[in-house]
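Presented below is the structure to which this report refers.
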């Protein structure tokens, strides 16, 4: 598999055994997208409970921290990229170059 050469190769390999029974499922991509949205919501809730507008939300503070939720988000993204054969290393480098260009050459 081509992903083994990317920095994400070890994650793809680990997910191969975790998702082996789901990868061929027609709805697996949809499940992963919904999981990603859920994890983003959980991270926002945890972050706002700690640093934002809801410091009195004790139940959110007792759940996982936003740092832990960030890990969940990254895994959801990596799982989706794996089943869709997206080279995350290339996508990240493309986006970094785009951000860099915007700093040196702003849009008009």
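Here, each number is a calculation from the coordinates, and none is a lab measurement. Keep in mind the model is a prediction, meaning the values are calculated, not measured. We place every Cβ from the backbone using ideal geometry, glycine too, and count neighbours over all the protein chains shown.
Structure above, values below:
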{"quantity": "Binned Cα-Cα distances of segment 69-108, short to long, each 5 Å bin given as a whole percent", "calculated": "6, 21, 17, 18, 16, 11, 9, 1"}
{"quantity": "For 50, 107, 84, order by how many other beta-carbon atoms lie within 10 Å, fewest first", "calculated": "107, 84, 50"}
